[in-house]
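Below is one structure; the comments refer to it alone.
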Amino acid sequence: MLSARGLTKSFDDQTVLRGIDLDIAPGTITCAIGPSGAGKTTLLRALGLLDYPDGGSISLDGMGYDFPREPALPFMPSPWPTLTCVFQSLFLWPHLTLRENIMLPARNCNPQAEKDIEGLIALFEMAGFIDHYPNQASIGQRQRAALARALILNPSYILLDEITSALDVEQTARILTKLGHLKERNIGIFLITHQIGFARRMADQVVFMDGGVITEKGDPDILFHPKTARLQQFLSTVEMVY
Amino acid sequence: MGVWDILTTYYPAFLSGLRVTLQLSVIIWVCGLVLGSALGVAGSRYKLSIGIPSRAVAFVLSGVPILVFLFWLHYPAQAMMDVVIDPFYTGAFTLAVINIFAVADIVRGALNDFPQQYLTAAKVTGLTRRQTILDIQLPLIFREVLPPLLLLQVMLLHTTLFTSLISVDEIFRAAQRINAQVYRPVEIYTALGVFFLMVCLPVNGLALWLKHKYTRDLSEH
């Protein structure tokens, strides 16, 4: 279980997270929705132990991390890649081909990486471009490669930050469909998304964030029957656009 | 007397000048690249104690014409210190100092501007510190700094000609001496120009090719 308790985070005098509690179980999809500036990406980076919260604690399969914490203090053992992330900007290393991007970290932790990459190439339909460099591939192709790079590491939890925001409808559907496969592999998924339809169909848990707090949390039913006026307003705005 | 005749007749003088030019260049290049890279790395790591002071020195140096700096070190500085230093060493020192601070500026800039997202990707995919440095940072930084470093070294090779003005017997001074004897400026300076073109154009071309090939690869979109 990936759990957060009482996470707080401020940048200068602006408080971005105000006491966040969240549990992400293996083999489940948690969708985080909310307006820009609600603190979703800050929460993702805190859960990913990339930006330390100012207070609170995070627990990763029994390993506890309490905050505040000395920035230079290394994590022992490393939480990565048991816990990994894929971001809106994909951060593929530009001097390596997509195959090399996937294989470089895989060799550290996956003895079957050479075999597994073939399965991922088939799963994400990457055969035609796997040996291209990132700047020779389309955004959708790079997106699939970034997901494959995360998956070959056999993570227990994967945090995804608006990974479909730059994609067209078909590419978005192709990527989101693959997330179901991850759930079957018992991976706990935290996904920041504006795809309300996907959250309604596929999520096990939905969290709605606004102003640095989780204002509503529950199963996808909250997207059909929102309790707060703010979520109602947000959903009606999103449905006008999407 | 054509270019070829001049070259064959006076080749010992040309070779002697060429040897001095190459010696100067090697000293300037090695000092600049080794010490400048070290200073750049240190300046990026220790911004307050090394980075800012070295940038300040580089800024001041960039405001002084190379020739003025060279003459100042050759005449007033030595007169003030009451020493006489071989012009070759004065020239080598002057140009090496300029190269060191210019290289440091390029290296420090590349390190400071290194895209943090590639380090984040290395972290979340579980790369070790060693892998992150050797497989991600060094190749990308090398690609970033190589073209400007090559262009800078070519420029420094050109500036070795200035040392002829403080009596260093490098190739330009050798050419001047030969010209004083035979008075064939067209042939002699054409031969000199061809020599520099043969050395510098391929390096310039390589730098531009590397710049074109690698800098666009850094873009994600």
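The values are calculated or read from the model by the stated rules, or taken from the named source; none is laboratory data. Please read these numbers as outputs of a predicted model, since none were measured by experiment. Neighbour counts run over all protein chains shown; Cβ positions are idealised from the backbone, glycine included. Please note that ligands, DNA and RNA were not included when accessible areas were found on the heavy atoms of the full protein model with its side chains. Shrake-Rupley method; radii C 1.70, N 1.55, O 1.52, S 1.80 Å.
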Å² per residue, accessible surface of segment B:3-218 at 1.4 Å: 54 Å²
Listing of segment B:99-127 residues, each with accessible area lower by at least 30 Å² in the full protein assembly than in the chain alone (probe 1.4 Å): B:Gln117, B:Tyr118, B:Thr120, B:Ala121, B:Lys123, B:Val124, B:Thr125, B:Gly126, B:Leu127
Occluded residues from segment A:87-101, i.e. those whose accessible area drops by 40 Å² or more once the chain is not alone (1.4 Å probe): A:Phe91, A:Trp93, A:Pro94, A:His95
Whether chain B is rounded, prolate or oblate, judged on the alpha carbon gyration tensor where a/c under 1.5 counts as rounded: oblate
Distance histogram in 10 Å bins (all Cα pairs of the protein assembly as shown, percent per bin): 4, 16, 21, 18, 13, 11, 9, 6, 2, 0
Protein accessible surface hidden between B and A, which excludes ligands and nucleic acids, total in Å², probe 1.4 Å: 2000 Å²
Peptide ranges B:176-183, A:202-209, A:215-222 listed from the most packed, as the mean C-beta count within 10 angstrom indicates: A:202-209, A:215-222, B:176-183
Surface share of carbon and sulfur [accessible, 1.4 angstrom probe, percent] for segment A:85-154: 49 percent
Angle between chain B longest axis and helix B:52-62 axis [Cα atoms, degrees, rounded to 10]: 30 degrees
Extreme residue, positive dipole direction of the protein assembly as shown, given options B:Leu22, A:Ile222, B:Ala174 (C-beta unit charges): B:Ala174
Ranked by how many other beta carbons lie within 10 Å on average, peptides A:169-178, A:53-62, A:144-153 from highest: A:144-153, A:53-62, A:169-178
Residue-averaged 222 nm ellipticity for chain A, from DSSP H runs of 4+ at -39500 (n - 2.57), nearest 500: -10500 deg cm²/dmol
Highest average packing first - A:159-166, A:180-187, Cβ atoms within 10 Å: A:159-166, A:180-187
Solvent-accessible area per residue for chain A (1.4 angstrom probe, square angstrom): 42 Å²
Rg/Rg_ref, segment A:85-154, where Rg_ref = 2.2 N^0.38 Å and atoms are Cα: 0.97
Segment B:10-84: C-alpha gyration tensor shape, a/c 1.5 cut-off, then a/b vs b/c: oblate
Shielding by partners - mean other protein chain Cβ count within 10 Å, residues of A:146-156: 1
Accessible surface of segment B:3-218, 1.4 Å probe, proportion on carbon and sulfur as whole %: 70 percent
